[in-house]
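Working notes for the structure below.
The values are calculated or read from the model by the stated rules, or taken from the named source; none is laboratory data. Given the structure is predicted, the values throughout are model-derived calculations rather than measurements. Cβ atoms come from the backbone with ideal geometry, glycine included; neighbour counts cover every protein chain shown. Heavy atoms of the whole protein, side chains included, go into the accessibility calculation; ligands, DNA and RNA do not. Shrake-Rupley method; radii C 1.70, N 1.55, O 1.52, S 1.80 Å.
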Amino acid sequence: MKDHGFPEEGRRRVVIEGITPSLDGGRFPVKRIVGDALGVEADVFADGHDELSVRLRWRNDRGGEDLAWSELPMEPLGNDRWRAQIQLDSVGRCRYSVVGWIDRFASWARDLQKRLDARQDVAVDLLIGAELIEGAARRAAESGAHDESERLQAWAADLRGDGPAAVRSGRALDATLVAVAERFPDRSLATTSEPQLGVIVDREKARFSAWYELFPRSASPVADRHGTLKDVIARLPYVAEMGFDVLYLPPIHPIGRTFRKGPNNRVGASASDPGVPWAIGADEGGHTAIHPDLGTLDDFDELVRAAAERGIEIALDVAFQASPDHPWVKEHPEWFRRRPDGTIQYAENPPKKYQDIVPFDFETPAWRELWTALEGVFRFWIDHGVLAFRVDNPHTKAFPFWEWAIGNITRDHPDAIFLAEAFTRPRVMQRLAKVGFTQSYTYFTWRNSKAELIEYFTELTTDPLVQFFRPNAWPNTPDILHESLQLGGLPMFQARFVLAATLSADYGIYGPAFELGEGAPLEHGSEEYLDSEKYQQRSWDLDAPHSLRPLIAAVNRTRRTHLALQRNDGLRFHRIDNDQLIAYTKQSPDGSDIVLAVVLLDPQRAQSGTLELDVAALGLDPSRPLELRDELTGATELWPGPRHDISLVPGTRQACLYAVRQSTRTEQQFETYR
């Protein structure tokens, strides 16, 4: 018999398209935070003039395929656009789709009313309605709603009766009975959107966090003694005082001895050189072992507990690479690539060579065993209380691995957070976010001018990136000392800190190098630190009088106080007529909390400018004065209108953070108040 290519069901007339949010046609989930509302819109229409019923359906992935779908009606916005909103009340993954069908009962009721208004004969129409109501009665009975079924059957009988047409017509549109019938629609020819779309619902710390990085081996209060995890415990009050809630440790594992690097990346280390923490693995163990000079696993567990008592999470650096001395090199040689001369391939980024590190081969035939072992590293540390991971160079590992591993882990541990350290091409960084990374390092370090900052953070906080890419802004890292910090001194450190901590709800610093203004490069034109902690132990004077600790604590306190600074979707830049001054606000979703930041980008000269605050966009009355409290100084100012002259001085007043509200005071009352 000839195959005519008929569709599976050609009587489905409803079309569903243009669903938002949807990432890459549903290939990847969008991201939200628990407590958020997910607004879903779609274009839904059909041929002809029938009424439609459209619903949004969703369910939590953790419930499995047997979990029933929840549904709610979508409301028409006009021009065939429909909308509904889901409240996301638990962490994990959720799936959603749109379903629509021809609503024959609603179409009948609409047309019946029109005919009645036109005083037409509706005898046949009442019989049509009776048939539709009887169908609803059958569906009610099948669902176990027998009382409703009986009410519907009686209603249908009334419409079929021989009483006066006027009485039966009035009965036909009884609002109470219409509501009952609409609960049991005919969905046999409903259209359901495909593919199912997804949303990852993360805990609050995925959107709002302050990271502090330190090297445990440099945490010793004694200059010539190797630091320990117990020393890190002693450092916790210092970290907490500055207001950080994530303490991130570079790799804490045994360090290889083969090709160990000396100070300033010198080839050929001495016996006393500690080596690079990212050269993971030695006789003492690999990715699940602790460097013996740092302490024991019990010490680590004590650190996690002590940090939690101060509201701090411990984050670990997971670097999927090995030293030539890693146990896996001998136990699983098939996981590593060999060169034609038989030697193992060490890591390279020509012309840079990392002879002390060998990468895993993600094209090995034994890739399943490799994947399982690497996923096991995360699970090991999760069992020891770690739920936040900074992942080193994930862009040099296979995307399918990350999608598989992060997907598996977050199904069991939906609170896990993965920060991608990938300073690479935009599409690669974005793909890592799509396949599961919770947060991502950014190009903030290299965006220094006013125009660059406005362009970049506008991109990060609007579609499509805002749907899946959560920026974590770092002004410095152990690998990156930007030229602006080398040349700008403490004023530039101040400016870059305020920018990172207020433009992005997630940010971090590498300390104590940052708060102490460490700005000496290895050589001119290099972003490497002189005497970098990557290659040697350092000792820091935490009580140095020039430390930025007070500023850091004040900014973090302001972040915790103001909901506006705890998310990125309320960012708005404002005009100020000086390119060395940048002004922007953040506003909470309900509009009640507004913070205005003005930052001096020049580290050498005082600058002035006239700010034009877009008060209408902020929902403020331009005819009424504004009251602003500078959260860094405690001073309160009254601005008569949206235009205001601002002057900032390097090092003295590098930035101001104003809490903004509409004032009811007159200028005279304000002076008395002050």
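Odds and ends about this structure:
- Ranked order, ILE128, ILE582 - accessible area, probe 1.4 Å, largest first: ILE128, ILE582
- For the Cα trace of region 283-323, dividing Rg by the Kirkwood Rh returns an Rg/Rh value of 1.03.
- Cross-link check: pairs LYS261/LYS352; LYS352/LYS534; LYS330/LYS353; LYS261/LYS534 evaluated at a Cα-Cα cut-off of 18 Å; pairs beyond the cut-off: LYS330/LYS353.
- Distance in nm between pseudo-label sites at TRP446 and ASP383 (7 Å out along the Cβ direction from Cα): 4.1 nm
- The lysines whose alpha-carbon is closer than 18 Å to the alpha-carbon of LYS205, local same-chain residues fewer than 8 away aside, are LYS31.
- Computing FRET efficiency as 1/(1 + (r/R0)^6) for ASP43 and ASN264, where r is the C-beta to C-beta distance and R0 is 60 Å, gives about 0.50.
- Helix 483-503 axis, angle to the chain major axis (alpha carbon atoms, nearest 10°): 30 degrees
- Counting only protein chain heavy atoms and rolling a 1.4 Å probe, the accessible areas of ASP299, ASP158, ASP645 rank, largest first, as ASP645, ASP158, ASP299.
- Each label was represented as a point 7 Å from its Cα along the Cα-to-Cβ direction; for GLU9 and ASP341 these points are 6.7 nm apart.
- Shape category assigned to region 413-557 from the gyration tensor of Cα positions, a/c cut at 1.5: prolate
- One decimal place: the segment TRP404-ALA141 gains 90.2 nm when fully extended, by the rule 0.36 nm per residue minus the C-alpha distance.
- Under the criterion of Cα pairs below 8 Å and six or more residues apart, the relative contact order for region 403-456 equals 33 percent.
- Fully extending the segment from ASP299 to SER107, taken as 0.36 nm per residue of separation minus the present Cα-Cα distance, adds 62.1 nm.
- Taking every protein chain into account, the 1.4 Å probe leaves TYR346 with about 40 Å² of accessible area, to the nearest ten.
- Inter-label distance for ARG119 and ASP463, nm, one decimal - labels placed 7 Å from Cα along Cα-to-Cβ: 5.0 nm
- Zone residues, region 199-216, relative to GLN87, backbone N less than 19 Å from point 7 Å out along Cα-to-Cβ: 201-204
- Of HIS49, HIS291, HIS524, HIS326, the residue with the largest accessible area leads and the full order is HIS524, HIS49, HIS291, HIS326 (1.4 Å probe).
- Here is the P(r) of the chain: all C-alpha pair distances, binned every 10 Å from 0, give 3, 13, 20, 20, 16, 12, 9, 6, 3, 1, 0 in whole percents.
- Set of region 479-494 residues, backbone N closer than 15 Å to the point 7 Å along the Cα-Cβ line of THR652: 491
- Computed over region 202-347, the convex hull of the alpha-carbon atoms projects to a mean area of 11.0 nm².
- Mean separation of Cα contacts under 8 Å, 6 or more apart, over the residue count of region 533-671: relative contact order %: 22 percent
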